[in-house]
Each structure stands twice: as structure tokens, then as C-alpha cells.
Amino acid sequence: MATNDDCIFCKIANHVIESNYVYEDELVCAFRDMSPLAPTHVLVVPKDHYESFADDVPAEVTAALFHAAREVAKAEGLIESGFRVVTNAGPDAGQAVSHLHLHVLGGRRLTDDFA
Ligand code: AMP
């Protein structure tokens, strides 16, 4: 697995385009969503390209994504108040960017739909 030259999240994850990063390790990075739906709305993405969580994502990448989501929640002060981790996979979920990403949402009372 590698990066996709046409993918915006591949470019952000590998610093070809810079963003507003809040976490980074060897496998993943996290940056602020450009259209936030909550006071904290951070996207956690793998550095390698996977279309979605429906892909054959290696277990170590899945673990790194969820580890990063928790580190983001800690850094944003959401551990006590609560937070939501969401991933959209495919058209029925409304996935808009075809690079696997977790949304980390918090900082307000979240409703029963996506956000
Ligand atoms: P999804 O519908 O799950 O594919 O969500 C895609 C998310 O990516 C949306 O919340 C967008 O606001 C966000 N997004 C798209 N392009 C960028 C970008 N260049 N930088 C930050 N967030 C982005």
C-alpha cells in the first residue's frame, strides 16, 4: 500500500500540503476538519492510502487510528465530557473523501444522527 497522487488526504497526511495538525505518529496523523460540525472536529487518517474502512486495512493501521483518536480526545480535553468517533464508508454513508478517515467530534452535546 502506498499513497495516491490524486488524493488530498494523502497529500495532507504526508505534508505535501500542510494543514492544522493536532497529532502525528509513524502511521497516521490528525488534523482539523475544514468545515467543523462541533467545537472539536478532527480527522484521523493513515499515511498510506485506503479508500475506506471497507478496504483490507492492516490491523496495525486500525490500531494506530483508534490510538490517535483517543490521543486527540485527551489533548482536546474531551475525556470527561465525552466524544464521538465516526467513519463513513461508501455512498450510503455519504463518504465524500475517498481516503479512510475517522472523525473525532466533541465539545458539545452530540445528536443522534452523524454529528
Ligand atoms: P466524509 O463525508 O466522511 O468523507 O468527510 C469528509 C470530511 O473531510 C468533511 O467533514 C470535510 O469537511 C473534510 N475535508 C475535506 N477536505 C478537507 C481538507 N482539505 N482539509 C480538512 N478537512 C477536509
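The values are calculated or read from the model by the stated rules, or taken from the named source; none is laboratory data. This structure is a prediction, so every number in the text was calculated from the model and none was measured. Neighbour counts run over all protein chains shown; Cβ positions are idealised from the backbone, glycine included. All accessible areas refer to the heavy atoms of the entire protein, side chains included, with ligands and DNA or RNA removed. Shrake-Rupley method; radii C 1.70, N 1.55, O 1.52, S 1.80 Å.
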Sorting 7, 77, 64 by the position of each Cα along the dipole of the range 5-79 (Lys, Arg +1; Asp, Glu -1; all at Cβ), the one nearest the positive end of that ordering is 77
Carbon plus sulfur, as percent of the 1.4 Å-probe accessible area of the chain, comes to 51
Charge dipole of the chain built from unit charges on the beta carbon (Lys, Arg +1; Asp, Glu -1), centred at mean Cα; most positive-end Cα among 36, 50, 97 is 36
Only helices counted: for the chain, with every DSSP H run of 4 or more residues adding -39500 (n - 2.57) and the sum spread over all residues, [θ] at 222 nm is -6000 deg cm²/dmol
The chain: relative contact order from alpha carbon pairs under 8 Å, six or more residues apart, as a whole percent, is 29
Helix 59-75: inclination vs the chain longest Cα principal axis, degrees, rounded to 10, gives 40
Each label sits 7 Å from Cα toward the beta-carbon; between residue 81 and residue 60 the label points are separated, in nm, by 3.6
Over the chain, cysteine residues that find no other Cys C-beta under 4.7 Å are 29
Measuring from its Cα centre, the chain shows a charge dipole (+1 at each Lys and Arg Cβ, -1 at each Asp and Glu Cβ) which, in debye to the nearest 20, is 500
About its Cα centre, the range 19-72 carries a charge dipole, from +1 on Lys and Arg Cβ atoms and -1 on Asp and Glu Cβ atoms, whose size in debye to the nearest 20 is 300
By the mean-Cβ-within-10 Å protection proxy, highest first, 23-33, 8-18 rank as 23-33, 8-18
